[in-house]
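Notes follow the structure.
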4 protein chains.
Amino acid sequence: MDYQSIIEEVYQEVQQENQRGKVANYIPELAHVNPDQFGIALVDLQGNVFAVGDSQIPFSIQSISKVHTLTMVFPKFDPQLWSRVNVEPSGNPFNSIAQLEYEKGIPRNPFINAGALVIADALCSKYDHPTEQILEFINEIAGKNSVSINSAVKNSEKNHGERNTALAYFLKSYKNFDNPVDQVLEVYFSHCAMEMTCEDLARSFSFLANDGYSIFGERKILSESHARRINALMLTCGFYDEAGEFAYRVGLPGKSGVGGGVAAVMPHKFSIAVWCPELNEKGNSVKAIRALELLTDKLSFSLF
Amino acid sequence: MDYQSIIEEVYQEVQQENQRGKVANYIPELAHVNPDQFGIALVDLQGNVFAVGDSQIPFSIQSISKVHTLTMVFPKFDPQLWSRVNVEPSGNPFNSIAQLEYEKGIPRNPFINAGALVIADALCSKYDHPTEQILEFINEIAGKNSVSINSAVKNSEKNHGERNTALAYFLKSYKNFDNPVDQVLEVYFSHCAMEMTCEDLARSFSFLANDGYSIFGERKILSESHARRINALMLTCGFYDEAGEFAYRVGLPGKSGVGGGVAAVMPHKFSIAVWCPELNEKGNSVKAIRALELLTDKLSFSLF
Amino acid sequence: MDYQSIIEEVYQEVQQENQRGKVANYIPELAHVNPDQFGIALVDLQGNVFAVGDSQIPFSIQSISKVHTLTMVFPKFDPQLWSRVNVEPSGNPFNSIAQLEYEKGIPRNPFINAGALVIADALCSKYDHPTEQILEFINEIAGKNSVSINSAVKNSEKNHGERNTALAYFLKSYKNFDNPVDQVLEVYFSHCAMEMTCEDLARSFSFLANDGYSIFGERKILSESHARRINALMLTCGFYDEAGEFAYRVGLPGKSGVGGGVAAVMPHKFSIAVWCPELNEKGNSVKAIRALELLTDKLSFSLF
Amino acid sequence: MDYQSIIEEVYQEVQQENQRGKVANYIPELAHVNPDQFGIALVDLQGNVFAVGDSQIPFSIQSISKVHTLTMVFPKFDPQLWSRVNVEPSGNPFNSIAQLEYEKGIPRNPFINAGALVIADALCSKYDHPTEQILEFINEIAGKNSVSINSAVKNSEKNHGERNTALAYFLKSYKNFDNPVDQVLEVYFSHCAMEMTCEDLARSFSFLANDGYSIFGERKILSESHARRINALMLTCGFYDEAGEFAYRVGLPGKSGVGGGVAAVMPHKFSIAVWCPELNEKGNSVKAIRALELLTDKLSFSLF
């Protein structure tokens, strides 16, 4: 069976089951999203796109962008980066500060908020115009001028950003933060406020299914070894305290965002993005996870 | 035996034992203090002062000032203050943020850093010129123009203040902080940087031994009930995670600071301040605690 | 005003306010107690007893007995006992095991379950017939043959004792347990299942108000220093994670039990026992605490 | 390059690097193992065995046996098993009890001790002679009468088993334990004391590389879906608080034991067992992990 038929089948089944959750509501800009939107886009290694549903509507990618920023920082800092941030699952909510105290200012992994702040800080140390360069980078690997920052979302995150500000100062108190807090938070809130369509998001993840080579950017983005390691990190840490559940049910490396998106890869086969705004209690999209579970069942593809 | 003889005896014995610790070193201004200084001053309810050693040398009172700020805030906010800060011992280091997360932004008590920041925030809500008014208040109850702010210490604390800044933003993320973080931290760092002599510090605590009435200020500072409650709080929470040990060994309500000072009261008898810069591992002055232990043994006075 | 009038007044006011809670229900034997019972008995230093309400009805003293066992063990093991158990408030529920792990098998204090198991273990090391000798000891200091073990309660506790068994084995894994687990648990469940009336309980606490001398046993039970220290421990640790609240509101050293009893002392004045089965969320008797709060207000007696 | 050449190359490089660790010493029977032993055995899907070094010497497989017991229980209890034990990485040491308290008696995953005790309990509910049946099962899937229980190790574990006993009673207090503690511990200590050679261990894991079909047992052991899920669990949880590191560096599902063994699978390719007794600080074999890292580098095989 071809990818197009399968994702359509998956789409139908998920819509019929119609499991519901709750749209993220900590900022009004996310709370007002139409909860009934649902889209899937799959990109194979030849760059063919297979899509269904609301795959062309831009949505807030939120934490999925942490994969992009990690990719930009990884080759410039490896291996010394890993003395500043660990590679272990956290087993705690994404914005927990307690674990950071117990582990003396070294975040568990680059995908929880504290870890992503360290990555944003490292980015500020290496790039002169970090926010612009993140946009350029994603446009390059998506092969489109597609990504933009929603400034209403960015400003709203900033206005509700006390917890991330606390994390940043806490990191600084452990000397694990080099740049001014305000500057790094500006970058962090900007990349979390980026908007992309399912199609473009799937395209931007394609290099991770392809041993680090982007067919859209037409260049090696990461070494094969680095690409594999980002996949390993996504598998063990991509879904906060639901990472084990996702590995267990879906078995693909992936990353979720509170905008309701999930991007995932089947190494050597395809990358995929699924989006539906309603979240489960852990902050992951109910329908996106279900769609990926059905997909791997139907394809009999998983890492394992 | 009279108080003067007893504190001299205590002074001699402590000097002979000569237990040592480590001067606080997180800021250079505290690290450079001469560690050999040691003073005691006791003030009875008639205002007589009994003193020995370096009782006339000003030192950084640090967290002891949290008793003064709580006193200023308490009658203005009781009882609603206690929905913002609890009255339980923390069992954790004074600057821990983990417990604050587990307990959803309500600090365990007003003497750990997070709790004292809530008090400073409340102070900023009620007083127009909080720092000046704290100085005035302490001068009033000490009956002298004695207290001053060491601005080198204050600025140094500020420059090393990331952890307290993190605590403040964390409180704000739980809506337990009303004023701008910078403004409150300015007040907080200022009152922690106040300098007083043992004698003046003991005088400023006199009202707590006297059911709330200050013989130096010549007025009721707190109701009897409020004064008792501050004493209860000092007994259970005045020495961070060594509060039980201090109650067990000394049995007086008291408050310590990382400058090496301890102020304590024996209700209906006296107030006392002891100072020696070297601290034990919990951040409390080795000689000050030992002196108070010997004193209560000799006097057969303790709460119990 | 005399003690009898005051406790009657307190009794009336508490009954009128009629604050309610929930009877302990983890074993049927406690769950079936009539929740409307309420008694107070106060014993002064001459041995005069002042009583009101259900002061002659035996009730399950539960954790209050931990004061009696600590008293039996303290002089025999001091100070080496304090390397096995600490003297700090726990800030956690009484049966928590997490803290015991973080602190490597040293319980926070002798009144949480883990600490009381260490005390029971120490008791088994020094006494040949520990259960009988606990009964003898309490009868002696109460000046009556009054205390008995309710074997239905004891057996029921045993049958629901998995958590305490876990604590005991956990202590053993840290080499902080010398005797066979079963033997120590038998002693522990026995002393927790003792029944006493308010009057007898107050009599049994009299020595703690009297610098260690029991007028009923007609002998020095503890040195003055040891008696004071048990009082300090009760004040900082006697009410689990509500110890600060009790010190704040009542200001007396005391110990509660899930049977709804509270025993407390005002040093150099009196001992007192109050009982009403309904508990607040922390496991302390609602009416007993309220009664003691009113009492100290009316008497203007508290430690502070 | 063929498997035999590669594992020999890996073997040589690891021996040259000669990274050292510390042999497990909590029981004398493990402490006395010759630390210089090192063996590798790889089994492909046709049943060909490639081996080097001490691949024929039996060693204590310890926690690796938790994969075997989970396999026996999984099809009999799925999905209700997953209300008793979770599938998330723990981020804590394998024998931690604190997390079990915070999560109300539901272990994080079936490979930490608490989770494996739940599995042993479930096993006791379904099998009449659990220990014998575990041996039979492993012999069947290894295609040999090879596995035996070292009773000196078993008895020694039992005599040092207070912590596991505490975990079992703690689970019982949460009603997450159906059978008598002693009976389940007997089974648990027995399966942890099993001895196997690298070759036999690799053979016993072959079905996990083969979609659940054992070529040695000549039958489907698990459905494809169940086999995949055990692999997912091994990847996220197989190395305690070093699971992320192993996924990051090696990228294969695997399980370690404190005897120094590691068993792993490359789905649809091979299973492998590596053994060297010296452990790193997290309790995982230094040389075994290094060998697997080199192997996946050389083969360019990993999940990702």
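The values are calculated or read from the model by the stated rules, or taken from the named source; none is laboratory data. None of these values were measured; they are calculated from a predicted model. Glycine also receives a Cβ, built like all others from the backbone with ideal geometry; neighbour counts cover every protein chain displayed.
Using the structure shown, decide if A:Gly244 is in contact with a Cys (Cβ under 9 Å, 6 or more places away or on another chain), at positive phi and not acidic (Asp, Glu).
It is false that A:Gly244 is in contact with a Cys (Cβ under 9 Å, 6 or more places away or on another chain), at positive phi and not acidic (Asp, Glu).
Identify, by number, the condition in (1) away from chain B (no Cβ under 14 Å); (2) within 30 Å of C:Gly53 (Cβ to Cβ) that C:Asn210 doesn't meet.
Here C:Asn210 meets the rest and fails (1).
So, in region B:286-304, of the ones that are closer than 24 Å to B:Tyr213 by Cβ and not in a helix (DSSP H, G or I), which residue ends up nearest to the other protein chains (Cβ to nearest Cβ)?
My answer is B:Leu303.
Among residues belonging to region C:99-113 that are of a type outside the set (Asp, Glu) and in a helix (DSSP H, G or I), point out the one that is nearest to C:His68 (Cα to Cα).
Once the filter is applied, the top-ranked residue is C:Asn113.
Restricting to region A:1-24, and then to whatever is out of contact with any Pro (no Cβ under 6 Å at 6 or more places or on another chain) and not in a helix (DSSP H, G or I), can you tell me which residue is farthest from A:Asp297 (Cα to Cα)?
It comes out as A:Ala24.
Could you run through region C:161-178 and say how many residues are facing chain D (nearest Cβ under 8 Å) and either surrounded by fewer than 18 Cβ atoms within 10 Å (Cβ to Cβ) or among the charged types (D, E, K, R) (or both)?
Residues meeting the conditions: 3.
Answer yes if at least one residue in region C:80-87 is among the charged types (D, E, K, R) and either assigned to a helix (DSSP H, G or I) or within 14 Å of chain B (Cβ to nearest Cβ) (or both), and no otherwise.
no
Report yes if some residue within region B:121-138 is among the polar types (S, T, N, Q) and within 14 Å of chain A (Cβ to nearest Cβ); otherwise report no.
The answer is no, given that none of the residues of region B:121-138 is among the polar types (S, T, N, Q) and within 14 Å of chain A (Cβ to nearest Cβ).
Please verify whether A:Ile141 is of a type outside the set (Lys, Arg), more than 21 Å from B:Leu100 (Cα to Cα) and crowded, with 21+ Cβ neighbours inside 10 Å, treating the condition exactly as stated.
Answer is yes for this residue.
If you scan region C:285-301, which residues turn out to be crowded, with 24+ Cβ neighbours inside 10 Å and either of a type outside the set (A, V, I, L, M, F, W, C) or touching a residue at least 40 places away in the same chain (Cβ under 8 Å) (or both)?
Selection gives C:Ser285, C:Lys287, C:Ile289, C:Ala291, C:Leu292, C:Leu295.
Among the numbered criteria (1) touching a residue at least 24 places away in the same chain (Cβ under 8 Å); (2) surrounded by fewer than 24 Cβ atoms within 10 Å (Cβ to Cβ); (3) away from chain B (no Cβ under 14 Å); (4) of a type in the set (Asp, Glu), which one does A:Glu218 miss?
Exception for A:Glu218: condition (1).
Can you name the residue in region C:227-260 that is of a type in the set (Val, Ile, Thr) and more than 7 Å from chain B (Cβ to nearest Cβ) and, of all such residues, is surrounded by the fewest Cβ atoms within 10 Å (Cβ to Cβ)?
C:Val258
Let me confirm something: among C:Asn164, C:Asn95, which residue is part of a loop (DSSP other than H, G, I, E, B) and under 24 Å from D:Phe177 (Cα atoms)?
Result of the check over C:Asn164, C:Asn95: C:Asn95.
Looking at A:Gly283, A:Gly244, which one is outside any helix (DSSP H, G or I) and either within 21 Å of A:Arg108 (Cβ to Cβ) or at pLDDT 95 or above (or both)?
A:Gly283
Kindly establish whether A:Leu208 is farther than 30 Å from D:Tyr213 by Cα and buried (at least 21 other Cβ atoms within 10 Å of the Cβ).
In short, yes.
Can you tell me which residue within region D:25-42, out of those that are farther than 25 Å from D:Ile7 by Cβ and outside any helix (DSSP H, G or I), is farthest from the chain's Cα centre (by Cα)?
Checked region D:25-42; the qualifying residue farthest from the chain's Cα centre (by Cα) is D:His32.
Residues checked against (1) among the small types (Gly, Ala, Ser); (2) in a loop (DSSP other than H, G, I, E, B); (3) within 25 Å of D:Ile97 (Cα to Cα):
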position	(1), (2), (3)
C:Gly115	yes, no, yes
C:Val118	no, no, yes
C:Cys124	no, no, no
C:Thr131	no, no, no
C:Ile134	no, no, no
C:Asn176	no, yes, yes
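Identify, from the list C:Lys66, C:Lys76, the residue that is more than 26 Å from D:Glu101 (Cβ to Cβ), among the charged types (D, E, K, R), in a helix (DSSP H, G or I) and more than 13 Å from every other protein chain (Cβ to nearest Cβ).
C:Lys76
Can you find, within region A:96-113, the residue that is surrounded by the fewest Cβ atoms within 10 Å (Cβ to Cβ) among those that are within 14 Å of A:Arg163 (Cβ to Cβ) and within 7 Å of another protein chain (Cβ to nearest Cβ)?
Result: A:Ala98.
Would you be able to tell me the number of residues in region C:261-276 that are within 13 Å of another protein chain (Cβ to nearest Cβ) and either part of a loop (DSSP other than H, G, I, E, B) or under 30 Å from C:Pro28 (Cβ atoms) (or both)?
4
Condition test on D:Pro93, is it farther than 30 Å from D:Ala51 by Cβ, surrounded by fewer than 17 Cβ atoms within 10 Å (Cβ to Cβ) and either within 14 Å of chain C (Cβ to nearest Cβ) or out of contact with any Pro (no Cβ under 8 Å at 6 or more places or on another chain) (or both)?
Judged against the criteria, D:Pro93 is a match.
So the check is Cβ under 8 Å with 6+ separation or different chains; which pairs have a first residue in region D:132-152 that's more than 20 Å from D:Tyr188 (Cα to Cα) and a second one that's aliphatic (A, V, I, L, M) and part of a helix (DSSP H, G or I)?
Filtered contacts from region D:132-152: D:Ala142/D:Leu201.
Applying the selection to region B:179-205, what residues are surrounded by fewer than 24 Cβ atoms within 10 Å (Cβ to Cβ), within 30 Å of A:Thr165 (Cα to Cα) and not hydrophobic (A, V, I, L, M, F, W, C)?
Answer for region B:179-205, where residues must be surrounded by fewer than 24 Cβ atoms within 10 Å (Cβ to Cβ), within 30 Å of A:Thr165 (Cα to Cα) and not hydrophobic (A, V, I, L, M, F, W, C): B:Asn179, B:Pro180, B:Asp182, B:Gln183, B:Glu186, B:Ser190.
Consider B:Glu136 against the criteria (1) crowded, with 17+ Cβ neighbours inside 10 Å; (2) more than 26 Å from C:Gly251 (Cβ to Cβ): it satisfies all of them except one. Which criterion is unmet?
Result: B:Glu136 fails condition (1) only.
Run C:Ala51 past the list (1) buried (at least 17 other Cβ atoms within 10 Å of the Cβ); (2) within 29 Å of C:Leu117 (Cα to Cα) and report the number of the one that doesn't hold.
It fails just one condition, (2).
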